[in-house]
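Engineer: Right, I'll just put the structure down here and ask away after.
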Amino acid sequence: MRSLLLGTRKGWLSMAAIAIVPLLYSGAYLSAYWNPYGHLNRLPIDVVNQDLGDHGKFLGRAVVKKLPRGWDIHQTTQAMAQHQLEEGTADLAIIIPKNYTRRIIHHQSPTVSFVVNPGSNYLNDLVMQKESIALTSELNKALRNVSLADMRHNLSHAASDTHILSNSTMALGQAGLRLAADDHQLGQALMSASLGGQELFHGAMGMSTGMNDLAQHLGTLSTTMQQVAQGATKTAQGLSSSQHMLLDAAQQEEAVLSILSRQIQAMANPQSTQSITQQQTQWAAVAQQLSQEQAKLATLEKALDNPSSVTLWPQEAKALAEGVVQADQAANTLSQRSKTLAASQEGLAQKLSQSASAAEAIGAGTMRLGSHLHTVGYDTQVLGQKLQDAAGDLSFVAEPVTGKLVALGPHSNYGKGLSPYFLALSLWVGALVATVIVPGGTRQGLALRQWTSLGLGLAQSIILSAGILWLLPMNPVHPLIFWETMIAIAVTWWTVMRLLSEKLGDGGRLLGIVLLVVQLAGSAGTYPIQLSPPIFQAIHPYLPMTWAIHLLRYAISGALAARVGPNVLWLGLVAVGAWGITQFIPGRIPFNSPPLEEGLDEAADVSVSTRGAAPPM
């Protein structure tokens, strides 16, 4: 039996086309992502330099210069950078903070933000995370070299300050030794002053005792003086009596004189001789009485002239004399003790003068010590500041710049990140497989084939969506939009596959496989399209798979919202266009491969014609 597949030119062409499908698939896919990390310079990166500078320095500009040469760098504003990230026209935004220069100058690590949009492309998110780490490392390396030079300069100054501190410490030690000697001298002087103080205390105690004795004797003398005063009072009374006696004596004297006068007159009368003799006897008695009175007066006058010789009050005079003698002795004792006390005071004054000299020397030494301590303190403070600066430099040198990754949306895992790509791919494969059991044919039976294959495509979409949401933690951001997008994609792929199958037959099915391979490489479902060869970058915006992936990314992660409207429009135009051509444009150029054995082709045609025939009335 002759084989049409092996014996005809058309058969060999069919087998050749099928044979190159694996090569086409692998070649297109691998060439698109053969070395994505070698083409990172193609990724569009926005740089937002907000650095305000410090004292005329703008180190933020150095960050831009440190970026790898040849990269697709665009300096823009923060608002524009965020807008481009949301649209997917920028893969990374580097934001240099306002205080970048000021913090670098003060050896404080600034934070450079690396902003990505994980929802736009999962693998792009991973790539940008690695690049942010690499860029931060490059910035740190450059700043570390500068900081190390500054740190060496600071350590050199710290070594000089250490030498100065050492000299100051030696001077402090010498001042301490001198202060110790002065302190020893002061101790001896204070010990001598303490002994002098003890002597002065004993002298003061003796003087206090003498003062007490003198006070007692003076008290006794005061008592005796009171007694003497009483005796004087008595003497005054005696004198008063003597005055009365003198008055009486005067009166008696006047009487005697009167008598004498009369006697003289009587002597002139001889008859009076007897009476004269009597009068002489009276005169003698009066004279004796006068003589006694005169003796008393004389004694009284002596007593008045010399009170110490008065013997009228012997007990009082004796007590007074003894009191005076005791008081004199106490005064002498007090005088001697006063002299001893004065000598002790003089010795204490000398020792205190020595202590004052020693204290003055200690004061001067303390001032010198204080001056050295101040110098040492200042030098220590300077050294501490230098060492603190050096420590700060070490901390700063370890990480001069901190890189912070900022995501506009939640980071996805591998499965969720690649879900848009594989879901769109699955629906395409499902629509392609449906052409196997519902192949194209003539216009007769077209409606039945269309409705059957459409129902199959919708079933594939519903089962796929429900199964994924049930089996995996997909959790799309927009669940309703996710269902609508899955159905819209299934319908679009159905229209494309029906067009290819109805107009080209087996050749259309093969062309569907080719389109699948091309779109796998050019739709940027994995890596950013900028990492693919230029041919794929050129066709990327026009591939239906690109639009489908954008819509699914929005439904699942909320990214690329700005592209939803245009992508829905393009998918709608493809669906309407494919369905319109299939439905209204006649003609068919089937490229069906011949059967391996003769007769199979006729059986297939009969089967197709039977399936496509209208049902019997």
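Engineer: Let me confirm something: among 511, 471, 458, which residue is free of Cβ contacts under 8 Å to residues at least 12 places away in the same chain and within 30 Å of residue 590 (Cα to Cα)?
Structural biologist: 511
Engineer: Before we move on, is residue 69 charged (D, E, K, R) and crowded, with 16+ Cβ neighbours inside 10 Å?
Structural biologist: Details: charged (D, E, K, R): yes; crowded, with 16+ Cβ neighbours inside 10 Å: no.
So residue 69 fails the test.
Engineer: Let me spell it out: the conditions are (1) open to solvent by less than 70 Å² (accessible area, probe 1.4 Å); (2) among the hydrophobic types (A, V, I, L, M, F, W, C); (3) under 26 Å from residue 510 (Cβ atoms), and residue 448 meets all of them except one. Which number is the exception?
Structural biologist: (1)
Engineer: I would also like to ask the following. Which one of these is open to solvent by less than 80 Å² (accessible area, probe 1.4 Å), among the hydrophobic types (A, V, I, L, M, F, W, C) and at pLDDT 95 or above: 564, 574? Break it down into steps so the answer makes sense when it comes.
Structural biologist: Working: 564 fails: at pLDDT 95 or above.
574 is the lone residue from the list that is open to solvent by less than 80 Å² (accessible area, probe 1.4 Å), among the hydrophobic types (A, V, I, L, M, F, W, C) and at pLDDT 95 or above.
Engineer: Report, by residue number, each residue of region 107-156 that is open to solvent by 40 Å² or more (accessible area, probe 1.4 Å) and modelled with pLDDT under 75.
Structural biologist: As a first pass, look at region 107-156 and keep what is open to solvent by 40 Å² or more (accessible area, probe 1.4 Å): 107-108, 111, 126, 129-130, 133-134, 137-138, 141, 144-146, 148-150, 152-153, 155-156.
Answer for region 107-156, where residues must be open to solvent by 40 Å² or more (accessible area, probe 1.4 Å) and modelled with pLDDT under 75: 144, 145, 146, 148, 149, 150, 152, 153, 155, 156.
Engineer: Could you count how many residues in region 42-66 are open to solvent by less than 80 Å² (accessible area, probe 1.4 Å) and either more than 19 Å from residue 81 (Cβ to Cβ) or in contact with an Asp or Glu (Cβ under 7 Å, 6 or more places away or on another chain) (or both)?
Structural biologist: Qualifying residue count, region 42-66: 10.
Engineer: Please state which of the following conditions residue 64 fails to meet, knowing it meets all the rest: (1) among the β-branched types (Val, Ile, Thr); (2) assigned to a helix (DSSP H, G or I); (3) touching a helix residue (DSSP H, G or I) at 6+ places or on another chain (Cβ under 9 Å).
Structural biologist: Tallying (1) among the β-branched types (Val, Ile, Thr); (2) assigned to a helix (DSSP H, G or I); (3) touching a helix residue (DSSP H, G or I) at 6+ places or on another chain (Cβ under 9 Å), residue 64 fails exactly one: (3).
Table: residues versus (1) within 30 Å of residue 509 (Cα to Cα); (2) open to solvent by less than 40 Å² (accessible area, probe 1.4 Å).
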{"residue": "12", "(1), (2)": "yes, no"}
{"residue": "15", "(1), (2)": "yes, no"}
{"residue": "24", "(1), (2)": "yes, no"}
{"residue": "82", "(1), (2)": "no, no"}
{"residue": "91", "(1), (2)": "no, yes"}
{"residue": "104", "(1), (2)": "no, yes"}
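The values are calculated or read from the model by the stated rules, or taken from the named source; none is laboratory data. Values in this document were obtained by computation on a predicted structure and should not be read as measured data. Methodologically, a virtual Cβ is constructed for each residue, glycine included, from the backbone with ideal geometry; neighbour enumeration extends over all protein chains shown. Please note that ligands, DNA and RNA were not included when accessible areas were found on the heavy atoms of the full protein model with its side chains. Shrake-Rupley method; radii C 1.70, N 1.55, O 1.52, S 1.80 Å.
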